[in-house]
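To keep things clear, I will list the structure first and then write my remarks on it.
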Amino acid sequence: MRHIERLPEPEILQKKKEVWLNKFLESGKKRPDSSKYAHSSIKQALETMSHTKCFYCEGSVKELKEEVDHHIEVTVDNTLAFDWDNLYLSCSECNDKVPHDVIAIDEALDPIIDSDDEIQRHITFVGEYIYEVNGSDKGQKTIEKYRLGSEVLDNRRRKQLQKLNKTIIDCLRKGGTKALTDGDKEAIRRYTYRSSPFSYMCECYLRDQFPEVL
């Protein structure tokens, strides 16, 4: 998870959200129409915000089924069904989050509200495994709510670390860490860029194993 800056509200929502909401509330249905709140222009804006990554786990959603998540569940507040500030991009794994009555969203980290510094105060990585920092209750609840410690995500993160390690090994073969060129370091640091999958995990790994690269 990393901090994400929200873009301006898409035009489709500005024009349609009140009509959509009124029809939804009048219908008595439990769920709003996903073709509306997950409209292509809304998805595009969310993808731009997160570099086409899940807001919660930072996994790329290019190869996976992406979903538009209601951060505050519709079952909790159905008036937020088409509220721009309540729409997040999620992978299917993280969208299967623990219900609000078990862990409320204000008990967990929020990538829109919380800064990188705040996020790093509560969660960290050792290899591909995610942990709360110093027994942080908020860190633990964040991991639990969005299922960030699932085996599926462990495997996805492990694959990204394997790619990172291959890049490191290829660079080291040229002559060791003292001989790393600026280009080598840049190639390694690229894994920590916000546009890269699981960038915070990769940053934690490099900070622990190869701090001279950062």
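The values are calculated or read from the model by the stated rules, or taken from the named source; none is laboratory data. Remember, it's a predicted structure, so these values are computed and weren't measured experimentally. Positions of Cβ are backbone-derived with ideal geometry, glycine not excepted, and every protein chain shown enters the neighbour counts. Accessible surface areas use protein heavy atoms only, side chains included; no ligands, DNA or RNA. Shrake-Rupley method; radii C 1.70, N 1.55, O 1.52, S 1.80 Å.
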- Message: In Å², and per residue, what accessible area does segment 86-158 have when probed at 1.4 Å with the other protein chains present?
- Response: 45
- Note on the structure: Taking the alpha-carbon centre of each part, the distance from segment 116-179 to segment 25-91 in Å is 25
- Query: Of all accessible surface on segment 29-120 at a 1.4 Å probe, what whole percent is carbon and sulfur?
  - Reply: 46
- Message: Test of understanding: in a Gaussian network model of the chain with alpha carbons linked when under 10 Å, which of L109, L153, L21 would top the mean-square fluctuation ranking?
- Response: L21
- Note on the structure: For Rg and Dmax of the Cα atoms in Å the list reads (1) 15.5, 47; (2) 22.3, 80; (3) 19.1, 69; the calculated value is entry (3)
- Message: For a protection proxy built on the mean count of beta-carbon atoms within 10 angstrom, sort 3-11, 122-130 highest first, please.
- Response: 122-130, 3-11
- Note on the structure: Heavy-atom accessible area of segment 141-214 with neighbours in place, 1.4 angstrom probe: carbon+sulfur share in percent works out to 49
- Would you mind checking the tilt of helix 151-172 against the longest principal axis of the Cα atoms of the chain, expressed as 0 to 90 degrees and rounded to 10? 30
- Query: Can you run phi through the Karplus equation (6.51, -1.76, 1.60; θ = phi - 60°) for segment 42-51 and list ³J(HN,Hα) in whole Hz, with x for Gly and Pro?
  - Reply: 6, 4, 4, 5, 5, 4, 5, 4, 10, 6
- For segment 1-64, give the magnitude of the charge dipole about the Cα centre (Cβ charges: +1 Lys/Arg, -1 Asp/Glu; no others), in debye to the nearest 20. 240
- Note on the structure: The local net charge around L89, scoring Lys/Arg +1 and Asp/Glu -1 for residues other than L89 whose Cβ lies under 10 Å from its Cβ, equals -2
- Message: For segment 85-214, what is the number of Lys pairs with C-alpha distance below 26 angstrom, counting only pairs 8 or more positions apart or on separate chains?
- Response: 15
